[in-house]
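Working notes, beginning with the structure itself.
The values are calculated or read from the model by the stated rules, or taken from the named source; none is laboratory data. Here the structure is a predicted model, which is why all the values come from computation and not from measurement. Reconstructed Cβ throughout: ideal geometry from the backbone, glycine too, with neighbour counts over all protein chains shown. Remember, those area values only see protein heavy atoms, side chains included, never the ligands or the DNA or RNA. Shrake-Rupley method; radii C 1.70, N 1.55, O 1.52, S 1.80 Å.
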Amino acid sequence: MNKRLNSEKSGSFPRFGRRRSKRELETGSFKLKGLNPKVCGKNQNPVELFWKSDLNHDQILEKVVQFIEKLASGQDKSKAPEIPNFVESFLKMVESRIAAYEQSEASAKLGFNEEYTSFFEAVSCLSKIVNTLDEFPFDSATTSCFNRAGSVHHRAMLLSEYQFLALLDISKRNCNVTVDSKTPKTPKQSFFNSNQETDRCVKPEYVSGTGIVFPYFPPQSVANMNQVALAMISAGYEEECFIVYSGLRLKALDFEFRNQGYENVNMEDFQSMDWESLEGEIDNWIHIVKYCTTNLFSVERKLCNSVFPEHSLIAQKLFCDLATSLTIRLLNFPNAIVLIKQYSAEKLFKFLDIYETLSDLTSSLGSELSALDLISETSETQRRVGEAAVTIFCQLENSIKSDNGRIPVASGAVHPLTRYTMNYLKYACEYKDTLELVFQQHYETEGSTRRKVQKQESKNAIEDNDRIPKTSHFSVKLMMVMDLLDAKIEMKSKFYRDPALRYIFLMNNGRYILQKIKGSTDIDEIMGPSWSGKRTSDLRQYHKNYQRETWRKVLQCLNHEGLQTNGKVSKAILKGRFKNFNTLFDEIHKTQSIWMVSDEQLKSELRVSISAVVIPAYRSFLGRFKSHFDSGKKAEKYIKYQPEDIEGLIDKLFEGSMTSMGRRRHNN
């Protein structure tokens, strides 16, 4: 205690000087007080201007090392040690070098050569002198040496801190090179990933397959940072070292965010944005997160490890602090988006993109204990996005249930609801793994009550469908959507007054659904072969019902029975049959030519099946009873079509447009 009081009373510098606040470290300018630097001659070594001795640097340093070893090993620590004169020479030598560096340009404070290394060797000796003398009683000479060494040591640390700042502050450099080869945007000029030297830029060499350039500082600069950091930490100036490092790296990372086109968006901006603008912001956010996970985080982690290789825990902590600052900023975006509740079903896919991007972000943070809180925060944000995705997906069910339009689709075409739902599900299944995870987390969060309801929903979804129950919550939800769509299409088919058109509508929609499911491996696996088999069977039944409703009366006209009167063919009845056939066929052709069957295979199947029953019956009827008519125009009045004409007109059915009745072929 007396030693400390004596040193403070003397007005000399305390042991390691006053620690400056974070604000002082970040904003204060670098000044060394107590010396008025002289002007150095053009060809003069600055150090020679301030200090001369009969011994050279190495000799003095060697003597000082021996003195320290003597004090530490065998010196009696019950009395103050004798301070040799070369210690004062050593202090003057170091002080002179500091003064010389002060008048140098910022880029040349330390020369990054052998002289640079020897300077830090001297600083290390200063630290050892102070620490060793502190173990002895103080007399006037010891007190003077202790205070003087502490003062010079503190000035050396100020210089080191300034040099550390100069090495790290890349915003003052003019090196702008781009490294981003993986992200989707066009790379922009960026100092963040540039190789940096004092007065020149070097084009970086890309690492094949990674797109990461390291170091974006030249290797020598990183080595110099390591030496400065090691000296500051060893001397007890770790706080100042960490503040400078973290502050400037955050500044560089923030600049790189802006350079990549990412700016913070506040809640008010979200509320006023239309979806197109918000979609652009989401894409921009995904871009910057991927840029962080594929480039920035790995490069920044490597820089921390290279600057602080002797202190792995420090490097880990510094990286985690930087990653935390960036990640919290990135998490503000999805946290704000999920607060806007009103999203329609088609917005689902951007939310799933965000969810998957957050998974990549979590993986990139590592598994260190210091990152666990950050990983937990990221996972919580991801959970919120997942909940929003579940809510949005459920909008699809609501849109199906609420579609109560009673106006049938023209021409029996595929209903817009069918197209929308099936395309939506097919696209959603491209995110199948993500959706299964999202729904699993949702039901786990909802708790046991919700799980009981879900089990009942699952039972209802698979009941009477001969399907194998699925354990995936998403699979159950998808089957429920399919059941809702089936029921809605069945209901809408009843709005058609013409039963034949009703079955065309059911065939169109059924075939469209079946083709979409077969075109998606994921949906096909979820629905199962039994479901597809039942759907195919339903389509065959719709086909039979259509033929019965449309062509039954036509075929009755071609029945050979009931034409005779008193054992002879009645011309009147025969004429009536041909006339009725012509009328019915013309009406069917006129009506069903504008009906729409968009699936070419289904259209062909319908035409072939119609031709297979109508043309043989007509050809047989015509061949047997044509002779009962006189040739000429009178016969054409009743025999309006040849079999080839019938076949040609059947091939015009289901085109969705009016077919001219005048385009008949007469190839008698």
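Within region 493-524, if we keep just the residues that are of a type in the set (Lys, Arg) and part of a helix (DSSP H, G or I), the residue that is farthest from the chain's Cα centre (by Cα) turns out to be Arg502. Given the structure, is Gly567 free of Cβ contacts under 8 Å to residues at least 40 places away in the same chain, in the same structural domain as Lys652 (by the TED database) and more than 17 Å from Val414 (Cβ to Cβ)? Considered against the rule, which asks whether it is free of Cβ contacts under 8 Å to residues at least 40 places away in the same chain, in the same structural domain as Lys652 (by the TED database) and more than 17 Å from Val414 (Cβ to Cβ), Gly567 comes out as yes. In region 408-438, the qualifying residues are those that are under 21 Å from Ser493 (Cα atoms) and of a type in the set (A, V, I, L, M, F, W, C), and the one that is nearest to the chain's Cα centre (by Cα) is Met422. The condition of being closer than 16 Å to Cys304 by Cα and at pLDDT below 55 holds for only one of Asn193, Asn176, that being Asn193. Whether any residue in region 563-573 is of a type in the set (Lys, Arg) and over 21 Å from Asp651 (Cα atoms) is what I want to check. Among the residues of region 563-573, at least one is of a type in the set (Lys, Arg) and over 21 Å from Asp651 (Cα atoms), which makes the answer yes.
Restricting attention to region 520-542, the residues that are open to solvent by 80 Å² or more (accessible area, probe 1.4 Å) and free of Cβ contacts under 8 Å to residues at least 24 places away in the same chain total 5. Can you tell me which residue is surrounded by the fewest Cβ atoms within 10 Å (Cβ to Cβ) among those in region 239-269 that are more than 22 Å from Phe333 (Cα to Cα) and among the hydroxyl-bearing types (Ser, Thr, Tyr)? Within region 239-269, the match that is surrounded by the fewest Cβ atoms within 10 Å (Cβ to Cβ) is Ser246.
Would you say Tyr618 is of a type in the set (Phe, Trp, Tyr), touching a helix residue (DSSP H, G or I) at 6+ places or on another chain (Cβ under 6 Å), surrounded by 13 or more Cβ atoms within 10 Å (Cβ to Cβ) and farther than 16 Å from Ala572 by Cβ? Don't jump to the end; show me each part of the working.
Working: of a type in the set (Phe, Trp, Tyr): yes; touching a helix residue (DSSP H, G or I) at 6+ places or on another chain (Cβ under 6 Å): yes; surrounded by 13 or more Cβ atoms within 10 Å (Cβ to Cβ): yes; farther than 16 Å from Ala572 by Cβ: yes.
So Tyr618 fits the description; yes.
What do you reckon, is Ile504 over 29 Å from Lys640 (Cβ atoms) and either in contact (Cβ under 8 Å) with a residue 40 or more places away in the chain or open to solvent by less than 20 Å² (accessible area, probe 1.4 Å) (or both)? If you could, list the steps in order and put the result at the bottom.
Working: over 29 Å from Lys640 (Cβ atoms): no; either in contact (Cβ under 8 Å) with a residue 40 or more places away in the chain or open to solvent by less than 20 Å² (accessible area, probe 1.4 Å) (or both): yes.
No.
Look at Leu110 and say whether it is closer than 25 Å to Tyr245 by Cα, open to solvent by less than 20 Å² (accessible area, probe 1.4 Å) and at pLDDT below 80. When the stated conditions are applied, Leu110 passes them. Across region 59-76, the number of residues qualifying as surrounded by fewer than 20 Cβ atoms within 10 Å (Cβ to Cβ) and without any contact (Cβ under 8 Å) to a residue 60 or more places away in the chain comes to 9.
Within the bounds of region 384-393, is there any residue that is assigned to a loop (DSSP other than H, G, I, E, B), open to solvent by less than 30 Å² (accessible area, probe 1.4 Å) and not assigned by the TED database to the domain that holds Ile354?
Pass one, region 384-393, residues assigned to a loop (DSSP other than H, G, I, E, B): none.
No - not one qualifying residue is present in region 384-393.
Filtering region 623-642 to residues that are surrounded by fewer than 18 Cβ atoms within 10 Å (Cβ to Cβ), assigned to a helix (DSSP H, G or I) and of a type outside the set (Lys, Arg) leaves Gly623, Ser627, His628, Ala635, Glu636.
Return yes or no: is Val569 surrounded by fewer than 18 Cβ atoms within 10 Å (Cβ to Cβ), of a type in the set (Val, Ile, Thr) and either closer than 24 Å to Arg624 by Cβ or at pLDDT 90 or above (or both)? Give the derivation first.
Working: surrounded by fewer than 18 Cβ atoms within 10 Å (Cβ to Cβ): yes; of a type in the set (Val, Ile, Thr): yes; either closer than 24 Å to Arg624 by Cβ or at pLDDT 90 or above (or both): yes.
Taking the combined requirement at face value, the residue satisfies it.
Scanning region 397-407 for residues that are open to solvent by 20 Å² or more (accessible area, probe 1.4 Å) and touching a helix residue (DSSP H, G or I) at 6+ places or on another chain (Cβ under 7 Å), which turns out nearest to Ser493 (Cα to Cα)?
In the first step, residues of region 397-407 are kept if they are open to solvent by 20 Å² or more (accessible area, probe 1.4 Å); the result is 398-399, 401-407.
Checking which are touching a helix residue (DSSP H, G or I) at 6+ places or on another chain (Cβ under 7 Å) leaves us with 399, 401, 403.
Working: Ser399: 18, Lys401: 16, Asp403: 14 Å.
By that ranking, first place goes to Asp403.
If I filter region 543-561 down to residues being open to solvent by 40 Å² or more (accessible area, probe 1.4 Å) and part of a helix (DSSP H, G or I), which single residue comes out as farthest from Leu653 (Cα to Cα)? Working first, answer last.
First, the residues of region 543-561 that are open to solvent by 40 Å² or more (accessible area, probe 1.4 Å): 544, 547-549, 552-553, 555-556, 559-561.
After this cut, where a residue has to be part of a helix (DSSP H, G or I) as well, the list is 544, 547-549, 552-553, 555-556.
Values: Lys544: 17, Gln547: 13, Arg548: 17, Glu549: 16, Arg552: 17, Lys553: 18, Leu555: 18, Gln556: 21 Å.
For region 543-561, the residue satisfying everything is Gln556.
Residue selection: Asp360 satisfies the criterion of being under 19 Å from Lys290 (Cβ atoms), in a helix (DSSP H, G or I) and in contact with a Ser or Thr (Cβ under 6 Å, 6 or more places away or on another chain). When Glu88, Glu102 are checked against the criterion of being open to solvent by 40 Å² or more (accessible area, probe 1.4 Å), more than 19 Å from Met225 (Cβ to Cβ), at pLDDT below 75 and not hydrophobic (A, V, I, L, M, F, W, C), Glu102 stands alone in meeting it.
Say we look at region 331-357 and pick out the residues that are in a loop (DSSP other than H, G, I, E, B) and of a type in the set (Ser, Thr, Tyr); which of these is surrounded by the most Cβ atoms within 10 Å (Cβ to Cβ)? If we take residues in region 331-357 being in a loop (DSSP other than H, G, I, E, B) and of a type in the set (Ser, Thr, Tyr), then Tyr343 is surrounded by the most Cβ atoms within 10 Å (Cβ to Cβ).
Under the condition of being of a type in the set (A, V, I, L, M) and either open to solvent by 10 Å² or more (accessible area, probe 1.4 Å) or in contact with a strand residue (DSSP E or B) (Cβ under 6 Å, 6 or more places away or on another chain) (or both), the residues counted in region 279-298 number 1.
Just checking, how many residues over region 125-148 are farther than 24 Å from Phe242 by Cα and assigned to a helix (DSSP H, G or I)? Break it down stepwise before answering.
The first filter runs over region 125-148 and keeps only residues farther than 24 Å from Phe242 by Cα, leaving 129, 132-148.
Those left that are additionally assigned to a helix (DSSP H, G or I): 129, 132-133, 140-148.
Number satisfying all stated conditions: 12.
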